[in-house]
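Input: a single structure, listed below in structure tokens.
The values are calculated or read from the model by the stated rules, or taken from the named source; none is laboratory data. Computed from a predicted model, the values in this text were never measured in an experiment. Here the Cβ positions follow ideal geometry from the backbone for every residue, glycine too, while neighbour counts run over all protein chains shown.
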Amino acid sequence: MGRDLVELRIRGGELTDSGSWIYVWLLEGRVIYIGTTGLPPEVRTWLHLHDPDPDIGRVKARYPGIGTDSLDVVAFRLPESMPRSEVKVAVIAHLSAMGLLSEHYVGDPPQRTSIGDGLSSLVLLITRRIGQPETG
């Protein structure tokens, strides 16, 4: 993962300063799910895999190959000023238009939307990363 130290801050009994994220689940380079979170991406991924509530463990509940397929999750930190819901809608729409959603896609359906200037560089970064997966 490239991180040897992770600091978590608990304030008032809650996890804080974990950032805002968009994450993309990949099966053989194709997108099966896109989500956003205010949790560390590792925590949200674990919840997708293990929480029995289908509204929290969405990927486990929706994707039948979860126990057998090799999947990758890539996460991108969002600026605090970017509303996660708008980012998610824009990224889903763009990746769908680019033909990058898998036939096994189990996320929210694409909606027609325009991608503003503030989102265009983020959408391009995500698209490039999905199109050129890291090796290793």
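Residues that are surrounded by fewer than 12 Cβ atoms within 10 Å (Cβ to Cβ) and modelled with pLDDT of 85 or more within the range 105-136 comprise PRO109, GLN111, ARG112, SER121, LEU125, ARG128, listed in sequence order.
For the condition at pLDDT 95 or above and crowded, with 17+ Cβ neighbours inside 10 Å, THR36 qualifies.
For the range 1-28, the set of residues classified as over 13 Å from VAL73 (Cβ atoms) and surrounded by 12 or more Cβ atoms within 10 Å (Cβ to Cβ) consists of LEU15, SER18, GLY19, SER20, GLU28, listed by residue number. Considered as a group, the residues in the range 70-99 that are small (Gly, Ala, Ser) and in a helix (DSSP H, G or I) include one that is nearest to GLY35 (Cα to Cα), and that residue is SER85.
Using the structure shown, decide if ILE56 is touching a strand residue (DSSP E or B) at 6+ places or on another chain (Cβ under 8 Å) and either on the phi < 0 side of the Ramachandran plot or surrounded by 13 or more Cβ atoms within 10 Å (Cβ to Cβ) (or both). Give the steps one after another, and end with the answer.
Details: touching a strand residue (DSSP E or B) at 6+ places or on another chain (Cβ under 8 Å): no; either on the phi < 0 side of the Ramachandran plot or surrounded by 13 or more Cβ atoms within 10 Å (Cβ to Cβ) (or both): yes.
Taking the combined requirement at face value, the residue does not satisfy it.
Of the strands (runs of 3 or more DSSP E) contained entirely in the range 1-69, those carrying at least 2 residues that are of a type outside the set (Val, Ile, Thr) and over 14 Å from the mean Cα position of the chain (by Cα) fall at 9-11, 14-16.
Quick test for you: out of LEU125, LEU39, LEU95, pick the one residue that is among the hydrophobic types (A, V, I, L, M, F, W, C), closer than 21 Å to VAL6 by Cβ and out of contact with any His (no Cβ under 7 Å at 6 or more places or on another chain). Just one listed residue meets the conditions, LEU39. For the range 85-136, a residue qualifies if it is of a type in the set (Asp, Glu) and closer than 22 Å to HIS48 by Cα, and the qualifying residues are GLU86, GLU103, ASP108. Contact map, the range 52-81: first residue without any contact (Cβ under 8 Å) to a residue 12 or more places away in the chain, second residue outside any loop (DSSP other than H, G, I, E, B), Cβ cut-off under 7 Å, separation 6 or more or different chains; pairs are PRO54/ALA61; ILE56/LEU47; GLY57/LEU47; GLY57/HIS48; GLY57/LEU49; GLY57/HIS50. Pairing each residue of the range 101-123 that is under 12 Å from LYS88 (Cα atoms) with any residue that is modelled with pLDDT under 95 and among the acidic types (Asp, Glu), provided the two are 6+ apart or on different chains, yields C-beta distances under 8 Å for LEU119/GLU86. Might you let me know whether the range 104-116 holds any residue that is hydrophobic (A, V, I, L, M, F, W, C), in contact with a Gly (Cβ under 9 Å, 6 or more places away or on another chain) and part of a loop (DSSP other than H, G, I, E, B)? No: zero hits.
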